[in-house]
Each structure stands twice: as structure tokens, then as C-alpha cells.
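Okay, structure first, notes after.
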Amino acid sequence: MAIVAIQKCSTYEKEVLKEKIRNCLDAIGSAEFLKPGMKVFLKPNCVGAFPPELGITTHPVFLEAVVEILKEYTDDIIFGDNPATRDIIPVLKKCGLYEIALKHNLKIFRGNDLITIKNPNPRIFSEFQVSREMIEVDLLVNLPKLKTHSLTYMSVAEKNLFGMIYGLSKAGWHVRANNPLQFGEALNDLYGAILKAYEGRRMLHLCDGILGLEGEGPGTGGRPKAAGVIFASADAVSLDRVAASVCKLDPEKIFVTKIAHEREYGEGDLKNIDIVGESLSAFEDLKFQEAVNPHSTFGLRLLKYNFLRNLLLEHPRIDRERCIKCGECVKICPPKALKFKKAFPHLRKSDCIRCWCCAEVCPKNAILKSKRPLIGRIALKNRD
Ligand code: SF4
Ligand code: SF4
């Protein structure tokens with residue numbers, strides 16, 4: 001039976017955090033993961049250059065607590081992520097993670113030495129180029145945040161591994177899999193390839209949900225949410241499933257997890273997950289606000305067609321008061337639907353695939369969602 005450990009934790013006080021993380025590790029069988037002299041890759045959520053109080057990226061104290069526990073076993077720790085548009089160092093600095101890496105002598109990775117990993121049984125894509133240093137270790141420690149997401153509904157353990165793909169090449173996957181369902185399949189093709197690459201070695205998922213993000217995540221469009229929770233599991237799929245229940249998100253809409261369950265990449269059925277530590281009822285007052293997007297099976301099927309997306313869905317709208325003209329959105333936009341015009345980014349709506357990468361990287365929350373068109377409100381009523 002898959003195991004997910006939960007601990008309540010409402011503070012980023014390091015010693016408290018270490019105790020809670022240790023409780024989680026003991027509950028899921030730490031001896032299985034933590035071996036003397038092991039080589040470890042630490043993968044935080046470092047999607048962009050955002051300060052920790054926004055709840056977008058893994059908190060530096062959470063990282064430090066994990067590092068101090070790992071250091072009892074090994075000094076061979078590599079650390080990093082593949083932010084979408086920028087070099088890792090300035091991003092780590094802004095997120096408050098760089099000084100932790102320096103203080104503990106972690107090797108910071110660069111990400112651009114790539115290796116091909118293969119999914120032996122893909123639905124759409126069989127091969128992925130990922131950062132070699134993330135693969136060639138004994139243990140991958142995945143440190144996701146607890147977030148809602150405009151495209152994938154939720155972004156926790158499995159989605160955080162999309163960051164194995166180097167920098168801007170992530171945007172290319174949004175073009176190749178340009179609707180939510182296809183993207184969910186592509187994420188799972190990648191996850192299947194990662195599971196294959198890790199055969200005989202271990203992955204550990206430790207989620208920083210002390211301060212999460214609700215609403216239009218995973219970037220500045222979302223709102224920080226004090227959730228006061230930590231999750232741990234060897235199975236990203238069961239962790240995500242349990243996290244959805246803790247946050248009162250709709251299990252029918254967590255399509256990435258549902259696809260993973262169908263494909264037997266992990267356990268997505270709550271009945272078959274052993275929840276240890278705190279029970280779900282300990283979080284009965286916690287509720288995350290969803291991102292606005294149709295994620296019912298009906299809505300997802302419709303959104304395969306570009307003309308229907310344009311007819312039915314919200315589109316990005318630039319708030320010129322907030323925009324600092326940094327160009328991050330233009331740089332990342334996979335189909336090049338955003339271009340500068342009269343000094344501000346301008347959207348060619350018919351080219352937009354509604355991937356919301358632009359909102360993910362915008363440092364000023366200047367990319368808002370337009371109102372849903374009337375026909376979309378009628379067609380998708382009660383079907384979101
Ligand atoms: S404008 Fe934004 S949502 Fe539309 S395709 Fe570009 S990045 Fe994606
Ligand atoms: S909308 Fe955001 S990302 Fe785009 S140029 Fe303006 S501030 Fe930068």
C-alpha cells in the first residue's frame with residue numbers, strides 16, 4: 001500500500017521543521033531512502049525569481065532543514081532547478097535559496113548537460129531530454145510547493161518534476177502538447193520516463209505546504225495561503241492525491257494524477273493510500289481556492305480544439321499599470337503569441353494556447369485573466 005505521511009506545521013522555524021520532517025521520514029521508512037555516502041539531487045520548486053513570502057517557491061528554511069538532515073548521511077548533495085527563462089543563480093538569490101546552498105557547501109547545478117530518458121510505454125511522447133545531474137544520483141529529493149495551477153489545476157509533486165526539462169525547452173512541450181489533456185499525458189509520459197530512469201534507485205517527495213499558493217497559480221497570479229502542512233511519500237501520485245483532499249480540491253479535476261493512476265505510475269485512489277501522522281480530518285477547516293478553468297472531462301475534451309478555446313475561454317490580459325516591460329512573458333510564450341507593440345506586450349489571441357506560462361514567469365502579476373466570453377460561460381456552466 002502506498003504511504004503518505006502528513007504533519008501539521010505552521011512555522012518556518014528550522015528546528016521545529018526538522019522534527020516534523022524527521023517524523024514524516026520515519027513514518028514512510030527513512031532507512032529505505034537515507035544511506036551513508038549516497039549521492040543526492042535536491043530539486044526545489046524554483047520556477048522563477050520570487051521572494052519566499054509569495055508562497056511560489058520552496059522556502060529557504062524548508063530547504064535548510066532537509067539539507068541538515070541529509071548531511072547526517074552524506075556531503076554529496078547537488079542542488080538546483082531549471083527556471084523557465086533565467087539563469088539559475090539570480091533566481092536562487094531572489095528565492096533566498098542561494099545563501100543556504102553556499103552555507104552548506106551544496107554543489108549548484110547548471111542543468112544544460114542533457115541526457116535522453118525514455119518512456120517504454122508512452123501515450124504520446126517516448127523521449128525527453130533532461131538535465132543529467134538530476135538523473136545520475138542515488139536519491140532524488142523532490143521539494144515541491146503546495147499550489148493550485150491555471151493549466152494543470154494543481155501543482156505539487158509530479159508537476160514539480162517537469163522542471164527536469166532544461167530552461168526554455170519546457171515551453172516547447174506546451175506547443176507539442178497544446179491542450180490541458182494532452183499536456184497531462186505528456187507530463188505522465190515524462191514521469192514514466194523518470195520512473196524508468198530511476199529503476200533500482202529512489203525518489204523521495206517532501207512537500208512544503210506550510211505556506212502554499214491558491215487561485216491562479218503557480219506564479220504571482222496566485223495568493224499565498226497559510227496551509228500549515230508538510231507531506232512526504234515515495235510516491236508522487238499518492239502524495240498529490242492526498243494533498244488534493246487536504247486542500248479540498250476536486251478529485252475529479254486533478255487530471256494529471258488521474259492519468260498517472262490509470263497508467264499505474266502510482267496510487268491515485270485514496271482507499272489504497274495509507275495516511276500516517278495527521279489524518280485528513282485534522283485539516284477540515286482548510287480550503288484552497290481553485291484556479292478558474294474548465295477541468296471537467298467535458299471541458300478538457302472541448303479544449304483540444306483551438307477555435308473552441310478562443311470562443312469559450314479567458315485569455316491573458318496585460319495590466320499596463322503593473323507591467324514593468326521586462327519581456328519575460330514574451331520570451332517564454334511557446335507559440336509566440338505575445339510580442340512587444342507600443343512598448344507593452346501585445347497578445348495575438350488566436351495564437352494563444354492558454355498555457356499560462358506568461359503568468360507563471362511575470363514578476364509583477366501583470367498578466368490577468370480576461371472575463372470568460374458569454375458563450376463560454378453558457379457552454380461550460382456547471383461543467384467546470
Ligand atoms: S500568451 Fe500566455 S497563455 Fe497564451 S500561449 Fe503565450 S504564454 Fe501561453
Ligand atoms: S507582463 Fe509581466 S512578464 Fe510581461 S513584460 Fe510586463 S512585467 Fe514583464
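Listed by position, the helices (runs of 4 or more DSSP H) inside the stretch 308-383 whose residues that are under 22 Å from the mean Cα position of the chain (by Cα) and within 16 Å of ligand 2 (Cβ to nearest atom) number at least 1 are 328-332, 357-361. Total residues in the stretch 337-372 satisfying the condition of being over 13 Å from Thr220 (Cβ atoms), out of contact with any helix residue (DSSP H, G or I) (no Cβ under 7 Å at 6 or more places or on another chain) and near ligand 1 (Cβ under 9 Å from one of its atoms): the figure is 4. Each residue in the stretch 56-78 was checked for being buried (at least 17 other Cβ atoms within 10 Å of the Cβ) and of a type in the set (Asp, Glu), and 1 pass. In the condition set (1) surrounded by 17 or more Cβ atoms within 10 Å (Cβ to Cβ); (2) away from ligand 1 (no atom under 13 Å from the Cβ); (3) not charged (D, E, K, R), Cys326 is compliant with all but (1). Checked across the stretch 100-116, the condition of being within 14 Å of the chain's Cα centre (by Cα) and part of a loop (DSSP other than H, G, I, E, B) holds for no residue. For the stretch 113-132, the count of residues that are crowded, with 19+ Cβ neighbours inside 10 Å and more than 24 Å from Asn178 (Cα to Cα) is zero.
Laboratory data are not the source of any read-out in this text; all were calculated from the coordinates shown. Bear in mind that the values here come from a model prediction, so they are computed numbers and not experimental data. A quick note on method: Cβ atoms are made from the backbone with ideal geometry, for glycine too, and the neighbour counts reach across all protein chains shown.
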